1. Out of all the residues in segment 164-191, which are part of a helix (DSSP H, G or I) and exposed (fewer than 13 other Cβ atoms within 10 Å of the Cβ)?
2. Output the helices (runs of 4 or more DSSP H) that fall wholly within segment 1-76 and possess 2 or more residues being over 19 Å from residue 314 (Cβ atoms), modelled with pLDDT of 75 or more and not assigned by TED's automatic domain parsing to the domain that holds residue 317, or say none.
3. Would you confirm, using the coordinates I've provided, whether residue 145 is out of contact with any Phe, Trp or Tyr (no Cβ under 6 Å at 6 or more places or on another chain), in the same structural domain as residue 284 (by TED's automatic domain parsing) and more than 22 Å from residue 252 (Cβ to Cβ)?
4. Quick check on segment 102-122. Is at least one of its residues touching a residue at least 24 places away in the same chain (Cβ under 8 Å), in a helix (DSSP H, G or I), assigned by TED's automatic domain parsing to the domain that holds residue 309 and closer than 30 Å to residue 252 by Cβ?
5. Considering each of 195, 272 in turn, give the residue that is out of contact with any helix residue (DSSP H, G or I) (no Cβ under 8 Å at 6 or more places or on another chain), in a helix (DSSP H, G or I) and in the same structural domain as residue 154 (by TED's automatic domain parsing).
6. Checking the condition touching a residue at least 60 places away in the same chain (Cβ under 8 Å) and hydroxyl-bearing (Ser, Thr, Tyr), which residue from 210, 243 passes?
Amino acid sequence: MLSYALRRLLFAVPALLFIALVLFALLELAPGDPMAQLPLTIPPEVRADMRAALGIGESAHIRFGKWLWQLFAVEPMALADRALGTDMAADSQRMISWQTRGPVMDTIIQRLPQTLWVVGMAYVVGVLIALPVGVISACRQHSVFDQAGTFVTMVGYSVPPFFSGVLAIVIFSVQLGWLPSIYDTTHQVTDWHSFTVQLRQMVLPVMVLSLQTTAQLSRYTRAAMLDSLHQDYVRTARAKGLSETAVVLGHGLRNSLIPVVTVIALGLPQVFGGAIITEQIFKVNGLGQLLITAIQAGDLPMVQTITFLLAVMVVLANIAADLTYGLLDPRIRQEGRP
């Protein structure tokens, strides 16, 4: 299993380098000038000095090399120094945001916990709801539960987050007054009361984000379970006198999880994409809102770094899916061996 994991990690390195190259090239071709938002009263020589300080006038391949070096070498060392309290890395060597004039990674680290709280919780809730719903729907095919689940999941999968988010605010915040409509990112959990306040303000964004995850994953789980329950090994297990619970969980669910794991891993980009819209609706001061403001301001270092970090999360999710394949089916671990 260890060698299988190492092979998957080695394959991820060229993939990330290729993603970084494509990302940098696409953003370089995008129109816009970060100096365009400066006042017209600034003299041309001052504009030229500012462009030189930001490194805009350098060649593309030089800026790409500097970006990679700062991303993989300078920033990890700077963050390690900050964690140890030494702070030996100079900010001039780090990636500087054109908008805030501060280190890019410092701003991202400040916003990352909010996004992970909302997106991570939404994905976990969506998976925990979708798996049992899909399994029960498959075991009770054409029942009232199956038909109701099909209707709810189709509606949830069809409604976009920007509509369901506003609808949830109108119903639960404006009409009923049960939940807050704005996520307070400055709130700190210090006692039980503050913890309940944190849970209440997370309900709406988590519910909106987990809706599509639950809808999509439950349908895939149901289809995979139906296929597994009609296989010969399931009939054999039932013929041996095993209980229905042992047949469903031990034989049907284990084999149907292989395609479901793929959907879980590949569903992460959709959740982060929905988080960009959801954070705007509920005023969550996370990476999604930071990405939108950086795009509007033409802050290329911030946009490049956030987008690349999202790509890293997707690659890591796929590696986790591959490792889960190896645990579910030992034959997959033997692929590529002589």
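The values are calculated or read from the model by the stated rules, or taken from the named source; none is laboratory data. Small disclaimer: the values here were computed from a predicted structure and weren't measured. Counting neighbours? That spans all protein chains shown, and the Cβs are built from the backbone with ideal geometry, glycine included.
1. Within segment 164-191, the subset part of a helix (DSSP H, G or I) is 164-175.
Of everything in segment 164-191, those that are part of a helix (DSSP H, G or I) and exposed (fewer than 13 other Cβ atoms within 10 Å of the Cβ) turn out to be 167, 170, 174, 175.
2. On the way: elements: 2-29, 44-54, 60-69.
By residue number, 60-69.
3. no
4. yes
5. Of the residues listed, the single one that is out of contact with any helix residue (DSSP H, G or I) (no Cβ under 8 Å at 6 or more places or on another chain), in a helix (DSSP H, G or I) and in the same structural domain as residue 154 (by TED's automatic domain parsing) is 195.
6. Just one listed residue meets the conditions, 210.
One line per residue, one yes/no per condition, for (1) in contact with a strand residue (DSSP E or B) (Cβ under 6 Å, 6 or more places away or on another chain); (2) of a type in the set (Lys, Arg); (3) over 23 Å from residue 317 (Cβ atoms):
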position	(1), (2), (3)
121	no, no, no
130	no, no, no
135	no, no, no
140	no, yes, yes
148	no, no, yes
151	no, no, yes
162	no, no, yes
165	no, no, yes
